[in-house]
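The values are calculated or read from the model by the stated rules, or taken from the named source; none is laboratory data. All figures in this text were calculated on a predicted structure; none of them were measured in a lab. Here the Cβ is made from the backbone with ideal geometry for all residues, glycine too, and neighbour counts use every protein chain on show. Accessible surface is based on the protein model in full, side chains and every heavy atom, while ligands, DNA and RNA are left aside. Shrake-Rupley method; radii C 1.70, N 1.55, O 1.52, S 1.80 Å.
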Amino acid sequence: MQVLIPPGWPRPRGYANGVTARGRMVFVAGMIGWDAQGQFHTDDLGAQARQALQNIVEVLQAGGAKPEHIVRMTWYVTDKREYVAAYPEIGKAFRELIGSFNAAMTAVEVTALVEDRAKVEIEVTAVVPD
């Protein structure tokens, strides 16, 4: 995987502007903050993000991939202000579960998610090197 930074651009904080990679692709559907049995344990956005990231790690493992193979993430959040306020907690969970911030990322505020208690949904594309 190679992080793409155009000449003269500073490296963004917390994500990559672009990524290029070769290998077997693994697509992870939107993961929300419930456990493997579909149970929510909290309504806190930061804690739900941690659970969603843990769910991503487990799905990646099932596909023979690791967090370092993530090339793209899209975050859907129901409250931008709550998301921004949870940056420290989300950053800590991200570092512990995912590791580096080399993925191309997008975060979008949405009116609601399909599961009423969900405050965040994260989808991922990973590329396992040949």
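Please verify whether Gln54 is surrounded by fewer than 20 Cβ atoms within 10 Å (Cβ to Cβ) and more than 16 Å from Asn102 (Cα to Cα), treating the condition exactly as stated.
On the way: surrounded by fewer than 20 Cβ atoms within 10 Å (Cβ to Cβ): yes; more than 16 Å from Asn102 (Cα to Cα): yes.
In short, yes.
Candidates in segment 21-40 are the residues that are aromatic (Phe, Trp, Tyr) and under 17 Å from the mean Cα position of the chain (by Cα); of these, the one that is most open to solvent (accessible area, probe 1.4 Å) is Phe27.
In segment 1-59, counting only strands (runs of 3 or more DSSP E) that sit wholly within it, the ones holding 2 or more residues that are among the β-branched types (Val, Ile, Thr) span 18-20, 24-32. The single residue among Leu45, Leu60 that is over 18 Å from Thr106 (Cα atoms), over 11 Å from the mean Cα position of the chain (by Cα) and surrounded by 15 or more Cβ atoms within 10 Å (Cβ to Cβ) turns out to be Leu60.
Output the residue which, of all residues in segment 79-116 that are in a loop (DSSP other than H, G, I, E, B) and farther than 27 Å from Val26 by Cβ, is nearest to the chain's Cα centre (by Cα). Reasoning before the result, please.
Looking only at segment 79-116, we keep the residues that are in a loop (DSSP other than H, G, I, E, B), and these are 79, 86, 98-103, 110-116.
From the residues that got through so far, the ones that are farther than 27 Å from Val26 by Cβ too are 79, 111-112, 116.
Working: Asp79: 16, Thr111: 19, Ala112: 18, Asp116: 20 Å.
Filtering first and then ranking leaves Asp79.
Among the residues of segment 101-121 satisfying the criterion of being in contact with a strand residue (DSSP E or B) (Cβ under 9 Å, 6 or more places away or on another chain) and not hydrophobic (A, V, I, L, M, F, W, C), which is surrounded by the fewest Cβ atoms within 10 Å (Cβ to Cβ)? Show your work before the answer.
So in segment 101-121, the residues in contact with a strand residue (DSSP E or B) (Cβ under 9 Å, 6 or more places away or on another chain) come out as 101-110, 113-115, 117-121.
Filter once more, so that each one left must be not hydrophobic (A, V, I, L, M, F, W, C): 102, 106, 109, 115, 117, 119, 121.
On the way: Asn102: 16, Thr106: 11, Glu109: 13, Glu115: 14, Arg117: 13, Lys119: 26, Glu121: 23.
Among those residues, the one meeting the criterion is Thr106.
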